[in-house]
Each structure stands twice: as structure tokens, then as C-alpha cells.
Amino acid sequence: MLLDRADQPRWPHTSACVVRRIRSDTAGSGLRAYLAESFAEESRPAQVWFGEPQVDGDAAAVEYWAVVHIKDQPMTISGCTMLRFDEVGLVAEARDYSHVQEGQHSPPAGLFE
């Protein structure tokens, strides 16, 4: 699986920032393996919110917020996914910037309305 990950700088209160870029050559089985690994330890369905996608030509960005449970412990993930599409409308590049914090934290009021 081809996955580039930046170092995960640690911030106070056990927060972390993760920057990932999944290259287009991870399609198919590589992407399935990445997703299976990423979600394997989730012990219940996630609560997820998405913002309105912002589109500019062949690029789009969407903000998200999720509360997941890893081995029954809540974790909040918020971030933005940035996509670039090829000439036939398939994703040519995807980048995900996220912030992770232990515990269950709802999005700020009005953020996803």
C-alpha cells in the first residue's frame, strides 16, 4: 500500500495532527486494505457531520467532524478533505488534514447547519 504520512506532531491534551496523502496508485485493493486497517478497531458506528463542499474548477474541499469509538473509547476527529479530479471526473489526488482529540466533542454550534 502506498500511503504517505507526515510525522504526527503532539500537542497538549493528547491532541494530534495527521496529514495524509493517498496517491492515485492505491486504487482497488490497496485502498480497501487502507480503509480496513483504518476502521478495524472501531467498536460502534461513528457520528459524522459534513460541511457544504467548496468547489473550484477541478478541485473541491469539504470540512468534516466525527466522533468515533476505538475499543469503546470516544475520540473526536475534525478536518478537511481536499480533492482534485481528472478530466473524466475521477479523483486524481486526495489530501486529508485532520485534528484528533480524545473524548467526545460535538461540533461548534452552527458549523454544519
*Qualifying positions in segment 73-105 - open to solvent by 90 Å² or more (accessible area, probe 1.4 Å) and either at pLDDT below 90 or not in a strand (DSSP E or B) (or both)*: Glu87, Val88, Leu90, Gln104
_Considering only residues that are assigned to a strand (DSSP E or B) and surrounded by 15 or more Cβ atoms within 10 Å (Cβ to Cβ), which ones fall in segment 29-63?_
Gln47, Trp49, Ala60, Ala61, Val62, Glu63
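The values are calculated or read from the model by the stated rules, or taken from the named source; none is laboratory data. Just so we're clear, the structure is a prediction, and the values are computed from it rather than from any experiment. Neighbour counts run over all protein chains shown; Cβ positions are idealised from the backbone, glycine included. Accessible surface is based on the protein model in full, side chains and every heavy atom, while ligands, DNA and RNA are left aside. Shrake-Rupley method; radii C 1.70, N 1.55, O 1.52, S 1.80 Å.
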